[in-house]
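For reference, the structure discussed in these notes is given below.
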Amino acid sequence: KKVKYAGSVILHHDRTYSRKDIINNEGLYEKLHLEYPNCFFITFKDYDPMRKEGDLYFGMTHGFDHMKGKNLVVVGTPHKPEYVYKLTAMQLNVPYNDTLSMKEIEYNGFRFYFSTYNTPELRRIQLWNISTDLEQAVGRARIINNDVTIDVYSNLPVEQNILISSC
């Protein structure tokens with residue numbers, strides 16, 4: 001059974017928030033830092049020009065506790081290179097001869113479009129990898145025990161989120 005969060009996770013899903021999308025959305029970080037001036041940020045390494053000391057990045061979030069009880073902004077959908085998903089599938093003896101394409105999928109109780117695979121097992125591997133990075137980032141604020149607000153900018157729904165969109 002899932003433990004109810006003491007805080008809130010607000011999901012902004014109006015774009016993909018992939019690395020490419022963020023690069024093409026010039027001024028995104030500046031706008032977000034103005035909107036959330038006193039928050040810690042977690043995003044892709046070396047993408048945020050306004051990154052300050054204490055901010056973490058995807059792939060470097062495990063074991064850090066300095067964001068406990070603080071409001072947090074998580075920016076990005078942390079896709080991994082395709083070979084990561086396919087090598088994992090090979091190890092698990094799962095079919096991996098598939099290519100990414102935009103599909104309507106259902107995940108975490110939501111139906112949405114996402115760049116993913118036709119093969120269900122390969123899709124689960126991909127979504128697990130991405131959601132694990134996002135959930136790890138959200139967990140840095142220790143949301144189970146702290147009444148904090150975490151704004152997540154991604155097109156993949158995370159646990160117990162409230163959807164916000166400008167669409």
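The values are calculated or read from the model by the stated rules, or taken from the named source; none is laboratory data. What you see is a predicted model; the values in this text were computed from it and never measured. Positions of Cβ are backbone-derived with ideal geometry, glycine not excepted, and every protein chain shown enters the neighbour counts. Side chains included, ligands, DNA and RNA excluded: accessible areas come from the protein's heavy atoms. Shrake-Rupley method; radii C 1.70, N 1.55, O 1.52, S 1.80 Å.
Which residue, of 63, 54, is in a loop (DSSP other than H, G, I, E, B), over 22 Å from residue 164 (Cα atoms), open to solvent by less than 50 Å² (accessible area, probe 1.4 Å) and at pLDDT below 90?
Details: 63 fails: open to solvent by less than 50 Å² (accessible area, probe 1.4 Å).
From the options 63, 54, the qualifying one is 54.
From the list 117, 153, which one is open to solvent by less than 30 Å² (accessible area, probe 1.4 Å), under 21 Å from residue 75 (Cβ atoms) and at pLDDT 95 or above?
Of the residues listed, the single one that is open to solvent by less than 30 Å² (accessible area, probe 1.4 Å), under 21 Å from residue 75 (Cβ atoms) and at pLDDT 95 or above is 153.
Considering only the stretch 1-12, state which residues are open to solvent by 40 Å² or more (accessible area, probe 1.4 Å) and in a loop (DSSP other than H, G, I, E, B).
Of everything in the stretch 1-12, those that are open to solvent by 40 Å² or more (accessible area, probe 1.4 Å) and in a loop (DSSP other than H, G, I, E, B) turn out to be 1, 2, 3, 4, 6.
Of the numbered conditions (1) open to solvent by 70 Å² or more (accessible area, probe 1.4 Å); (2) within 17 Å of residue 158 (Cβ to Cβ); (3) of a type in the set (Ser, Thr, Tyr), residue 99 satisfies every one except a single condition; which is it?
(2)
Which ones in the stretch 32-51 are open to solvent by 60 Å² or more (accessible area, probe 1.4 Å), among the charged types (D, E, K, R) and under 24 Å from residue 142 (Cα atoms)?
Step one: filter the stretch 32-51 for residues open to solvent by 60 Å² or more (accessible area, probe 1.4 Å), giving 34-35, 37-38, 45-47, 49-51.
Then drop every residue that is not among the charged types (D, E, K, R), which leaves 35, 45-46, 51.
Residues satisfying the conditions are 35, 45, 51.
Might you let me know whether the stretch 13-31 holds any residue that is modelled with pLDDT of 90 or more, part of a strand (DSSP E or B) and either under 30 Å from residue 118 (Cα atoms) or open to solvent by 40 Å² or more (accessible area, probe 1.4 Å) (or both)?
Within the stretch 13-31 (the criterion being modelled with pLDDT of 90 or more, part of a strand (DSSP E or B) and either under 30 Å from residue 118 (Cα atoms) or open to solvent by 40 Å² or more (accessible area, probe 1.4 Å) (or both)), the answer is no, since none of the residues qualifies.
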